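> Quick one: the structure is below, and I'll ask about it shortly.
The values are calculated or read from the model by the stated rules, or taken from the named source; none is laboratory data. Since the model is a prediction, treat every value here as computed from it, not as a measurement. Cβ placement follows ideal geometry from the backbone for every residue including glycine, while neighbour counts extend to all protein chains displayed.
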Amino acid sequence: MSKVALITGATRGIGKQIALTFAKEGYNIAINYISENEDVENTKREIEKYKVKCFMAKGDISNFEDCEKFVKEVIEEYGQIDVLVNNAGITRDTLLMRMKKEDFEAVIDVNLVGTFNVTKNVIPYMVKARSGRIISVASVVGIAGNAGQTNYAASKAGIIGFTKSLAKEVASRNILVNAVAPGFIQTQMTDVLKDNVKEEIAKSIPLGRMGTVQDVANVIKFLASEESSYITGQVINIDGGMLM
Ligand code: NAP
């Protein structure tokens, strides 16, 4: 029977590439999305080209009830969830002096509380199956910090603490919990940066370039595979050597 991968926020950017990469591996896919636009149908079509199933549902990961409903629907559809990738995330960048309370709370609610909301609803099925992989997308910013991103860095550092704690809780149930920490990856999230800023960033990266969505998807594929069966509670940087 085909394995099932649930990926949050996967109708564009890194999440979409993760979903396509798992589809190519033969996984049936479950995707949660928030905006209704042409990305939704396009993503479904691209995934189904790999002759796997693609279940999609609209839902806000910062809303616990949305997550509860979505996970139930995925179980009704497929009967199992083998891999959960907590990918969906947002930024609301500005210096703390200027940051509104709503900007801080919105980023924590989506990135960190959202990771809790989805994982909390998925974990009982993995515990019952005595098997599972949970991979959350953190950021190098959650390790090193970044001016203008106190909210985002706090959310990503929170994901790292969450990952390590959960890894300890569920290791005995054969559930492996890891995080990845991308550096600067080319997506709509980083497209907003000015060209000169992007050039400066590329210069500061030992490998001399920003990462691609496939660079991230490759590591997540590895963390979901049998080849990584002795790795849990880890954070793997995917950053061209930015942090060493
Ligand atoms: P992106 O292009 O902005 O895509 C973010 C995705 O998350 C979109 O699909 C978005 O849905 C979804 N999303 C946002 N809020 C949501 C919510 N409340 N409920 C459900 N889905 C929601 O970002 P990306 O660059 O691919 O980033 C993906 C992940 O990697 C994020 O966690 C990000 O923090 C992390 N990351 C990115 C970089 C980078 O350089 N790009 C670096 C480090 C870490 P809509 O399309 O509907 O808005």
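> Go through L96, L84, L20 for me and flag whichever is touching an Asp or Glu at 6+ places or on another chain (Cβ under 8 Å) and modelled with pLDDT of 95 or more.
Numbers: L96 fails: touching an Asp or Glu at 6+ places or on another chain (Cβ under 8 Å); L84 fails: touching an Asp or Glu at 6+ places or on another chain (Cβ under 8 Å).
It is L20.
> Which ones in the range 144-180 are under 18 Å from I220 (Cβ atoms), hydrophobic (A, V, I, L, M, F, W, C) and touching a residue at least 60 places away in the same chain (Cβ under 8 Å)?
Taking the range 144-180 first, the residues under 18 Å from I220 (Cβ atoms) are 156, 159-160, 162-164, 166-167, 175-180.
Of the ones still in play, those that are also hydrophobic (A, V, I, L, M, F, W, C) are 159-160, 162, 166-167, 175-177, 179-180.
Residues satisfying the conditions are I159, I160, A167.
> Taking the conditions exactly as written (surrounded by fewer than 18 Cβ atoms within 10 Å (Cβ to Cβ), among the acidic types (D, E) and outside any loop (DSSP other than H, G, I, E, B)), does D93 satisfy them or not?
Numbers: surrounded by fewer than 18 Cβ atoms within 10 Å (Cβ to Cβ): yes; among the acidic types (D, E): yes; outside any loop (DSSP other than H, G, I, E, B): no.
Here the answer is no, as D93 does not meet what is asked.
> Please work out which residue is nearest to the ligand (Cβ to nearest atom), limiting yourself to the range 186-205 and to residues that are aliphatic (A, V, I, L, M) and assigned to a helix (DSSP H, G or I).
Within the range 186-205, the first condition is being aliphatic (A, V, I, L, M), and the residues that meet it are 189, 192-193, 197, 201-202, 205.
Those still in the list that are assigned to a helix (DSSP H, G or I) too: 189, 197, 201-202.
Working: M189: 3, V197: 12, I201: 10, A202: 12 Å.
Taking the candidates together, the pick is M189.
> Let me ask something else. Out of T43, T8, which single residue is of a type in the set (V, I, T) and in contact with a Lys or Arg (Cβ under 7 Å, 6 or more places away or on another chain)?
Details: T8 fails: in contact with a Lys or Arg (Cβ under 7 Å, 6 or more places away or on another chain).
Criteria check complete, one pass: T43.
> While we're looking at this one, here's another question. Restricting to helices (runs of 4 or more DSSP H) lying wholly in the range 110-171: which have 3 or more residues that are β-branched (V, I, T)?
Working: elements: 114-129, 141-144, 150-170.
Filter on the range 110-171 gives 114-129, 150-170.
> Regarding the range 206-219, can at least one residue be identified that is away from the ligand (no atom under 14 Å from the Cβ), under 18 Å from the mean Cα position of the chain (by Cα), surrounded by 14 or more Cβ atoms within 10 Å (Cβ to Cβ) and modelled with pLDDT of 95 or more? Walk me through it before giving the result.
As a first pass, look at the range 206-219 and keep what is away from the ligand (no atom under 14 Å from the Cβ): 206-208, 218.
From the residues that got through so far, the ones that are under 18 Å from the mean Cα position of the chain (by Cα) too are 218.
After this cut, where a residue has to be surrounded by 14 or more Cβ atoms within 10 Å (Cβ to Cβ) as well, the list is 218.
Narrowing further to those that are modelled with pLDDT of 95 or more: 218.
Yes, that holds for at least one residue.
> Of the numbered conditions (1) hydrophobic (A, V, I, L, M, F, W, C); (2) surrounded by 22 or more Cβ atoms within 10 Å (Cβ to Cβ); (3) part of a helix (DSSP H, G or I); (4) within 17 Å of the chain's Cα centre (by Cα), V74 satisfies every one except a single condition; which is it?
With (1) hydrophobic (A, V, I, L, M, F, W, C); (2) surrounded by 22 or more Cβ atoms within 10 Å (Cβ to Cβ); (3) part of a helix (DSSP H, G or I); (4) within 17 Å of the chain's Cα centre (by Cα) applied to V74, the lone miss is (4).
> Mind checking which residues of the range 130-157 are in contact with an Asp or Glu (Cβ under 8 Å, 6 or more places away or on another chain) and away from the ligand (no atom under 12 Å from the Cβ)? Give the derivation first.
Within the range 130-157, the subset in contact with an Asp or Glu (Cβ under 8 Å, 6 or more places away or on another chain) is 131-133, 140, 148-149, 151-152.
Listed by number, the residues that qualify are S131, G132, R133, G148.
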